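Have a look at the structure below, then the notes.
FYI, it's all coordinate maths here, none of it is from the lab. All values reported here derive from a predicted model rather than from experimental measurement. When we count neighbours, we look across all protein chains shown, and the Cβ atoms used for this are built from the backbone with ideal geometry, even at glycine.
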Ligand code: GAL
C-alpha cells in the first residue's frame with residue numbers, strides 16, 4: 001500500500017478508533033461530536049411521546065409518522081410503572097394500550113430510533129411521577145435511595161420492562177439506541193457510599209441484568225447540579241452519556257413580550273461536565289404544562305410560536321448539541337387520573353404536535369432544522385471556533401456562533417439577536433471564512449425573533465456551496481442534486497458554488513429577481529454569486545452545473561416534505577423524495593414511473609414532487625393527472641376537505657340516576673372495607689385514628705367515599721382534614737343532610753375545615769357521616785413532605801363537642817369504599833387508574849352496554865342537579881365519518897358563573913375529561929378515535945357532583961370538530977371493540 005493511501009485509510013478509521021463504547025456492544029458508540037450508530041454519525045433530533053397518554057395503539061404510528069415527516073429521527077419515551085402494575089407482582093404488557101411491543105414495532109415502521117426511559121421515577125406530571133401506586137402506602141420503602149425495600153419493588157419493574165426494551169434494542173434489530181436510568185436524580189455528594197450513588201449503581205446493574213446493552217443515559221435537572229458524568233467527579237453511579245434538561249423559555253402564556261431569552265451557556269456547561277461526550281439534551285422545552293386555574297393551551301401563543309423553534313432549537317444546535325429531545329413533542333391527554341395534581345386533563349403542553357394530533361406551525365418550523373441537520377454531515381462533528389457579539393458581523397445587535405467541521409473546511413454560522421427576545425429589525429454584513437478566502441455577505445437581516453444559518457464549503461454531492469446566506473433546508477441527490485433554500489419573504493439570499501467560476505442559470509418564475517454576479521476576492525479565485533430577494537411562494541432555478549435549487553418562503557417551506565425511501569432513521573441525501581404543498585406527507589415510494597405518496601390534506605391544492613425519473617404521482621392510492629415541469633418536477637392537484645360535510649349529532653336524550661345513595665343513613669355498606677388500622681407505613685402520620693389514608697386500604701385513584709359512625713348527641717361539629725391534591729375538593733353529609741364541603745383550591749394540596757352540625761338532630765346511636773373526597777392524583781417527589789407517599793383521602797376527622805371535650809369524642813367505626821375491586825384492576829384494558837369510587841363508577845355505569853332503560857329522562861344541561869349531590873347522566877350518539885377522513889373531535893362543556901361542581905366525562909368507558917367550572921381552565925376535551933367510534937355507536941356519561949345548595953347544570957355540552965383532513969392513514973383499522981370492553985354486573989361493589 002502506498003504511504004498516502006495508507007495514511008488515508010488510517011485517517012478514515014479514526015472515527016471508529018476514537019469513538020467510545022460501553023464495552024457491551026459496538027453498534028451505538030459516541031465521541032465528543034455525536035452519537036455514532038452503525039459506524040455513521042447522526043444528529044439525534046427527537047420528540048418525547050408518552051403512549052400512556054394516547055391509549056389507542058393504532059394511533060402511535062400516526063404520531064410517529066408525523067414526527068418522522070417533520071424530520072425527527074428518534075422518539076423518547078417514558079414508561080410509567082403505574083400504568084402497567086396495578087398491584088405488587090402484577091404486570092400488564094398485553095392489553096392493547098399497554099402492549100408496548102406494538103409501540104416499538106410502530107417506531108420501527110416509521111423509521112425512528114427510540115430512547116427508552118423506564119424510570120423507575122419519571123416525574124412527567126403523571127400520577128405519582130410514574131411510581132406504581134401500590135407503593136404509595138409506604139410499602140415501597142425510601143423512594144429513590146439504595147434502601148433495600150425500595151430496591152426490591154423497583155427491581156421487579158426494571159426486570160420486566162428492561163427485558164422488553166432489551167429485546168427491541170438496535171443490537172437485536174430493534175429501534176432502541178439509548179436507555180435512561182432514573183430521571184433528574186441530583187448528585188448532591190460525591191461519595192462512593194452515598195445512598196444516591198449506590199442507587200445509581202443498583203439501577204445500572206439491574207438494567208444490564210435485564211439485557212439492556214445500549215448506552216445508558218441520565219437527565220440532569222437544568223443546570224442545578226453536575227450528576228453522573230464519567231467526566232466529572234465520578235465516584236460511581238456515572239452513566240455512559242450525560243444529559244442535561246432545560247426549559248429556558250421563561251414565557252408567560254399570553255404575554256408575548258416576556259421571556260424568550262435563550263441561554264448561551266450550554267456549550268460551556270457540557271465542556272465542563274461531559275467533555276468527552278456529545279452534548280445531549282434529554283429534554284428541551286417543546287412547550288410547557290399548565291396547572292388547574294391556569295391558562296388553557298389554546299391561549300398559549302408564546303409557547304406555540306414558530307419563532308421559538310427558530311431561535312431556541314437552532315441556537316442549541318449552534319452550541320454543538322447533537323442529541324436533542326423536545327419535551328413534549330406530543331403531550332396527549334391525562335385521561336383517567338393519570339395526571340399528577342399539578343396538571344389538568346389536557347397534557348397538550350402547547351407541544352409542536354397538538355393533543356388533537358394536528359401539526360402546529362412550531363412543528364413545521366422545527367422541520368426546517370431537522371431536515372437540515374439530517375443531511376448536513378459537516379455539522380455532525382464540529383469545533384466551536386468562535387462566538388460572541390459582533391463576532392464575524394458588523395452589528396453589535398447580532399451574535400454569531402461559528403462551528404467548524406473537524407473534517408473539512410466547512411463552517412456553520414448561526415446569526416441570532418444578541419438579546420434573543422429582541423423584536424428589532426437588524427441589517428448586517430457577515431464575513432464568512434471560506435476555502436477561497438473571506439467573503440463579505442452584505443445583505444443579511446434578522447427581523448426580530450429570527451435565527452439564520454450561513455454555511456460555507458457545504459458539500460452537495462459532487463458540488464460544493466462556497467457559501468450561502470440563504471438557509472439550507474435540505475438537499476437531495478436524484479439524477480442530479482436538488483437543493484432547497486428558504487428565507488423570509490422580502491429578505492435576501494446570497495450563495496455561490498465552488499467548482500466553476502462562470503455558472504449560468506434559468507429561473508422558472510418571473511417573479512424572482514435572482515441574478516448572478518461575477519465575483520472574486522483577493523485570491524485569484526473567481527466565482528459567480530447569486531443574489532435574490534425572496535418572493536411569496538416558491539421559485540425553481542436550474543444552474544449550468546446541474547444543480548436545481550428551490551427558493552422557498554417560510555409558509556411554503558412549512559409545506560415542504562422529504563419523505564425517505566429507507567426504513568433507516570439515519571437518512572442519506574439520496575434516499576429522499578421531495579414534495580411541496582400538502583398538509584402532511586407520511587411516506588413516499590417509487591415504483592417504475594410512479595411515485596406513490598401517502599399523506600393528509602385539508603385544502604385542495606397543487607403539489608409539486610421531485611422524485612428523479614418518475615412521471616406520475618399517486619396520492620393515497622389514486623393516480624393523479626400529472627404534469628412535468630421544464631425542470632423535471634411533477635405537478636398535480638390533490639383534493640381538500642372543503643366540500644366534505646360532517647354532521648355531528650346533538651348530545652341529547654340523556655337518562656339520569658342518583659349516584660350518591662351512600663348518604664342515606666340506611667345505606668348498606670356491609671361489603672365495604674372496614675377502616676380500622678391504627679398504624680401505617682406512610683412517612684406521614686395520621687392526624688386522628690383510625691388511619692383513613694385510602695392507599696392503606698388499597699384504593700388508589702379517583703374519588704373515595706367514607707362512612708364514619710358515631711354515637712351521642714353532644715357533638716356539635718367535625719374538624720376534617722382531607723388531601724386529594726391541588727384543586728381537589730370534598731363534600732360531607734350527616735345522616736343524609738349536607739353539612740359542609742371544600743370546593744378545592746388550585747394552590748392547596750390539603751384542606752382543613754371545621755364543619756358545624758348546626759341544628760341537625762343527632763341520634764344516640766348510629767349517626768353516620770358520609771364524606772366524598774375527590775382526587776387529582778398522587779404527588780410527584782417535588783411536593784412535600786413525602787411526594788408520591790403523601791396520603792390521599794381523610795388525614796384527620798375529629799368530632800367537636802360543645803365543651804372542651806372534643807378529644808374524647810371518637811367515631812365508633814369507619815368504612816371506606818374506592819374504585820371497584822381496588823387494586824384487582826377489574827377493567828384491565830382501561831387499566832388501573834381509569835375509575836374512581838363513585839357509586840356509578842363502582843357499578844360500571846360508564847361502560848358501554850349498561851342498561852339505563854329504567855332511569856328517568858333528564859338532561860345535564862336543562863335539568864342538571866338541584867342542591868348538593870352527585871347525579872349521573874348517560875346517553876348514546878352515533879357517528880358516521882367517512883373512513884378516509886381524520887376528524888379530531890372534542891367535547892365542549894360550560895357552566896354558568898358561580899357553579900361549584902366537579903364534572904367527569906366518560907366516553908365509551910374512558911374517563912376522558914375532568915371539568916371544574918369554579919377552578920378551570922379546561923372546557924374543551926379532545927377525544928381520539930378508538931376512544932370515540934367515528935363510525936357507529938358511542939356511550940357518553942356526564943357525572944355532575946354539585947357541591948352547593950345552588951345545584952349545578954351545564955350551559956354548554958356539545959361535540960365539535962377541531963379540523964378535517966383527507967388522510968391516507970388507515971384510521972378505519974382502529975380496533976375500538978378491543979379497547980372498549982362492555983358492562984358486566986358489578987353489583988358486588990355497591
Ligand atoms: C422535567 C422532568 C419531566 C417533566 C418536565 C416538565 O424536569 O424531567 O419529567 O416533569 O420537567 O414538564
Q: Calculate the spin-label point distance for residue 892 paired with residue 209, positioning each point 7 Å from the Cα along the beta-carbon direction, and give it in nanometres.
A: 5.5 nm
(Q) If I histogram all Cα-Cα distances within the range 571-721 using bins 10 Å wide from 0, what percent of pairs lands in each bin? (A) 8, 22, 13, 6, 7, 13, 17, 10, 3, 0
Q. How big is the range 108-186 in terms of Cα radius of gyration and Dmax, in angstroms?
A. 14.2, 42
Q: Quick one: compute a quarter of the convex hull surface over the Cα atoms of the range 547-632 and quote it in nm².
A: 6.1 nm²
Q | Cα→Cβ-extended label distance, 7 Å offset, between residue 650 and residue 21, nm | A | 6.9 nm
Q) Which translational diffusion coefficient, to the nearest whole µm²/s, is obtained for the range 661-824 from the Stokes-Einstein equation, given a Kirkwood hydrodynamic radius over C-alpha pairs, 10 °C and 1.306 mPa s? A) 100 µm²/s
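Could you work out the helix-only [θ] at 222 nm for the chain, with each DSSP H run of four or more residues adding -39,500 (n - 2.57) and the total divided by the number of residues, to the nearest 500 deg cm²/dmol?
-3500 deg cm²/dmol
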(Q) How big is the range 881-944 along each principal axis, measuring the range of its Cα positions in Å and listing the largest first? (A) 43, 19, 14
Q: Give, to the nearest whole percent, the P(r) tail of the range 378-582 beyond 29 angstrom, counting all Cα pairs.
A: 21 percent
Q.
Can you tell me the orientation of helix 148-167 relative to the chain, as the angle in degrees between its alpha-carbon axis and the longest Cα principal axis, to the nearest 10?
A. 40 degrees
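Show me the ranking of peptides 441-454, 765-778, 661-674 by mean Cβ neighbours inside 10 Å, starting with the highest. Could you put the intermediate results ahead of the total?
Values: 441-454: 21.1, 765-778: 24.6, 661-674: 15.5.
Ranking the peptides 441-454, 765-778, 661-674 by packing returns 765-778, 441-454, 661-674.
Roughly what percent of Cα-Cα pairs across the chain reach past 54 Å?
Value for the chain: 21 percent of Cα pairs lie more than 54 Å apart.
Would you mind calculating the gained length between residue 711 and residue 94 on full extension (0.36 nm times residue separation, minus the Cα-Cα distance), in nm to one decimal?
That works out to 217.1 nm of additional length.
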Q) What angle, in degrees between 0 and 90 and rounded to the nearest 10, separates the Cα long axis of helix 361-375 from the longest principal axis of the Cα atoms of the chain? A) 50 degrees
Q) Using alpha-carbon positions, what is the distance between the centroids of the range 873-945 and the range 789-807, in Å? A) 38 Å
(Q) Using only the alpha carbons of the range 841-989, what is the convex hull's orientation-averaged projected area in square nanometres? (A) 9.5 nm²
Q) Once Rh for the range 367-495 is found with the Kirkwood sum over Cα pairs, what is the Stokes-Einstein diffusion coefficient at 4 °C and 1.567 mPa s, in µm²/s? A) 88 µm²/s
Q: Using per-residue counts of other Cβ atoms within 10 Å, averaged over each peptide, order 728-735, 154-161 from highest down.
A: 728-735, 154-161
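Using the beta-carbon distance between residue 923 and residue 440 and R0 = 56 Å, what value does 1/(1 + (r/R0)^6) give for FRET efficiency, to the nearest 0.05?
0.50
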(Q) Compute the orientation-averaged projected area for the range 701-781 from the convex hull of its Cα atoms and round it to one decimal in nm². (A) 5.5 nm²
Q. Using the alpha carbon gyration tensor of the range 50-121, what are the three equivalent-ellipsoid semi-axes (square root of 5 times each eigenvalue), largest first, in whole Å?
A. 23, 13, 9
Q) Can you list the equivalent-ellipsoid semi-axes of the range 40-359, largest first and in whole Å, using the square root of 5 times each Cα gyration tensor eigenvalue? A) 27, 24, 20
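For the chain, what does the relative contact order come out to in percent, with C-alpha contacts under 8 Å and a separation of six or more?
Rounded, it is 10 percent for the chain.
For a test of the definition: using alpha carbon positions, the gyration tensor, and the 1.5 limit on a/c, classify the range 280-418 as rounded, prolate or oblate. Please report the intermediate quantities before stating the final value.
Working: a/c = 2.82, a/b = 2.11, b/c = 1.34.
Judged from the Cα gyration tensor, the range 280-418 comes out prolate (a/c at least 1.5, a/b above b/c).
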Q | Rough spin-label spacing in nm, given labels placed 7 Å along Cα→Cβ, for residue 745 and residue 813 | A | 3.6 nm
Q.
Quick check on the exposure proxy: order 984, 209, 58 from fewest to most C-beta atoms within 10 angstrom.
A. 984, 209, 58
Q: Give the relative contact order (percent, whole number) for the range 661-824; include only Cα pairs under 8 Å separated by 6+ residues.
A: 37 percent
**Q.** Theoretical FRET efficiency, 1/(1+(r/R0)^6), r = Cβ-Cβ of residue 517 and residue 102, R0 56 Å, to 0.05
**A.** 0.50
Q.
Can you tell me the orientation of helix 100-110 relative to the chain, as the angle in degrees between its alpha-carbon axis and the longest Cα principal axis, to the nearest 10?
A. 20 degrees
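Please give the length that would be gained between residue 384 and residue 188 if that part of the chain were fully extended, namely 0.36 nm times their separation in residues minus their C-alpha to C-alpha distance (nm, one decimal).
Computed gain between residue 384 and residue 188 is 67.5 nm.
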Q: Pull out the extension gain between residue 862 and residue 223, defined as 0.36 nm times the separation in residues minus the alpha carbon to alpha carbon distance; nm, one decimal.
A: 224.7 nm
**Q.** Taking all pairs of distinct alpha-carbon atoms in the range 78-209, Kirkwood radius in angstrom
**A.** 15.3 Å
Q: Evaluate E = 1/(1 + (r/R0)^6) for residue 593 and residue 394, where r is the Cβ-Cβ distance and R0 equals 51 Å; express this FRET efficiency to the nearest 0.05.
A: 0.45
Q.
Given contacts defined as C-alpha pairs under 8 Å and at least six residues apart, what's the relative contact order of the range 841-989, whole-number percent?
A. 40 percent
Q.
Could you sort the peptides 833-843, 214-224, 305-315, 127-137 by per-residue average Cβ neighbour count (10 Å cutoff), highest mean leading?
A. 127-137, 833-843, 305-315, 214-224
